[in-house]
Amino acid sequence: MSELIISVSGLRGIIGETLTPDIACRYVAAYMSHLPPGPVIVGRDGRGSGPMLRRAIVAAVTACGRDCVDADVVATPTIGVLVRQRAAAGAIQITASHNPPPYNGIKLFNGEGRVIDAAQGQKVRASFLAGEAPWVSHDALGMMIEETEPHEPHLQSVLETVDAIAIRAAGFRVLLDSNHGSGSRLGARLLEALGCDVVMLGETPDGKFAHVPEPTAENLKSVFARVKQEGCAIGFCQDPDADRLAIIDEHGRYIGEEYTLALCVRRALLRTDEPGPIVINCASSAMSERMAIAAGRECHRSSVGEANVTGMMIETGAMYGGEGSGGPIDPRVGYVRDSFVGMAQVLDLMAKTGQPISALADELPRLSIVKRTATATTDEMSQLISKLKLQLKGAVVSEGDGLRLSWADKWLLVRGSNTEPIVRFIAEADSEADAAALCDAAAKCLA
């Protein structure tokens, strides 16, 4: 039997093994004990196990004396917008992100409409393990309230960040692959509002994925040809809960997730209304960093994880941010990774510049990322970090999320996994050979 994975902002497990209705109810009850007064929003991605978990979680919320606003099938970033719009105390999104069908999970939001941070997550975890649950008597039960229009506030927030008139005038033909997740509900509506001719794949949010759900080049091969065959100007591919976005150009070439954030940052840097820094995580490509510096903006790097990125964005007053896993974050919409922000703002960049997506991607700084893993215990990780600091000279050293060594033209991140005894090596340089050499050097130190 696999283990239940409890992370900073929620949990994830296999339905019927580690994630059962009982586990879901106890975890949600633990979360209820740490919320201020107010209703709680519940949503889900399109997975087949979602309706079962939704019923259990709605019951748990109301059994703790809370009114529960049931949004049913919605994208994760939409939940963040709804929390603020409805002045909710918090929210629960039922999703396993890009994991395969046997998995599902629970993601927790605070009253600010963003994923809870590590401190909040530790409190919920401790209460869950201690069996704490604020169940109430029959006369204090909460009510279930159906949310009949969950998407409109999010739609309007995204539209306000772009020149919708210019995008409509361009008349883009766009392919959207939601892969039977929750992204189709708002995705098609947004693209149609922007005057696009939409070709939909995986529109029904039933969790019957047409391909492996993580939107990587390997998993999207079946989609590449469709973009070109359909004569589309661009292809957008979402993960099941629609907080990540990968891009395919008009030739059927995979642009990818790292480029999603970089393209959105390029478009953000064209704005003159709101100066401020950019925030990305320590594992994201330096494409965004180089563009920000060239534009005279600061670029800060947070630890990996959406909560860490958004925390640093708020702390530094950032005008934009995100993670290189295809997750742009625009504070004007919300502090959640958002594929809809990505789609609208990339189309806006195309309309503003008059350039096809292939040309825009080719103009970005040309860098190569190499990622590898190796088995390592906690003690071996500690020794590895000490060796690397001694052997790889001339780097700016930063610790906190593993070890990050950066030079003017390259960087190396070494960090242990939170869920298994492995170490991850991530390196980026001007060439793949140079990036691979950094990973090889780190692996040699481990050996």
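The values are calculated or read from the model by the stated rules, or taken from the named source; none is laboratory data. Since we're looking at a predicted model, the values are computed, not measured. Here the Cβ positions follow ideal geometry from the backbone for every residue, glycine too, while neighbour counts run over all protein chains shown. For the accessible areas, the whole protein counts, side chains as well, though only heavy atoms, and no ligand, DNA or RNA atoms are used. Shrake-Rupley method; radii C 1.70, N 1.55, O 1.52, S 1.80 Å.
Computed quantities for the displayed model
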item: Extended-chain gain in nm, criterion 0.36 nm per residue less alpha-carbon gap, Ser358 and Ser222; result: 47.0 nm
item: Per-residue ³J(HN,Hα) for region 11-18, Karplus 6.51 cos²θ - 1.76 cosθ + 1.60, θ = phi - 60°, Hz, x for Gly and Pro; result: 9, 8, x, 8, 4, x, 10, 9
item: Where labels lie 7 Å past Cα in the beta-carbon direction, separation of Glu230 and Met52 in nm; result: 3.2
item: Relative contact order of region 46-197, pairs being alpha-carbon contacts under 8 Å that are 6 or more residues apart, as %; result: 30
item: For region 285-349: accessible area per residue (Å², 1.4 Å); result: 26
item: Share of carbon and sulfur in the accessible heavy-atom surface of region 305-363 [1.4 Å probe, %]; result: 49
item: Beta bridges by DSSP in the chain, antiparallel share as percent, to the nearest 5; result: 60
item: Cα gyration tensor shape of region 10-105, rounded if a/c is under 1.5, else prolate or oblate by comparing a/b with b/c; result: oblate
item: Spacing of the two label points (7 Å from each Cα toward its C-beta) at Glu315 and Ala130, in nm; result: 2.7
item: Residues of region 358-384 with amide N under 15 Å of the 7 Å Cα→Cβ point at Asp409; result: 366-368
item: Rounded to 5, percent antiparallel among DSSP beta bridges of region 18-131; result: 35
item: Region 367-394 and region 300-325: distance between their alpha carbon centers, rounded to Å; result: 24
item: Rounded to 5, percent antiparallel among DSSP beta bridges of region 191-312; result: 65
item: Cα-based shape type of region 13-52, given that a ≥ b ≥ c are square roots of the gyration tensor eigenvalues and the cut on a/c is 1.5; result: oblate
item: Entry for P(r) over Cα pairs in 20 Å bins from 0, in percent (calculated from the structure that is shown) out of [x] 16, 29, 22, 15, 10, 6, 2, 0; [y] 25, 57, 17, 0; [z] 23, 48, 23, 6, 0; result: [y]
item: 222 nm mean residue ellipticity, helices alone, for the chain (DSSP H n ≥ 4; -39,500 (n - 2.57); rounded to 500); result: -11000 deg cm²/dmol
item: Top positive-direction residue, dipole computed over region 1-90 with Cβ charges, set Thr20, Leu4, Ala71; result: Ala71
item: Contact order normalised by residue count of the chain, Cα under 8 Å, 6+ apart, percent; result: 13
item: Portion, in percent, of the accessible area of region 86-201 that falls on carbon or sulfur, probe 1.4 Å; result: 53
item: Mean accessible surface per residue for region 363-439, computed with a 1.4 Å probe while every protein chain stays in place, in Å²; result: 54
item: Cα-centre dipole for the chain with unit charges at Cβ (Lys and Arg positive, Asp and Glu negative), debye to 20; result: 560
item: Over region 286-437, relative contact order from alpha-carbon pairs under 8 Å, at least 6 apart, %; result: 18
item: Inter-label distance, nm, simple model (7 Å from Cα along the C-beta direction), Ile145/Ala374; result: 5.5
item: Computed lengthening from Val396 to Ala294, 0.36 nm per intervening residue step minus Cα-Cα distance; result: 34.7 nm
item: Amide hydrogen neighbours beyond the local backbone of Arg173, cut-off 5 Å, H modeled; result: Asp197, Ala233
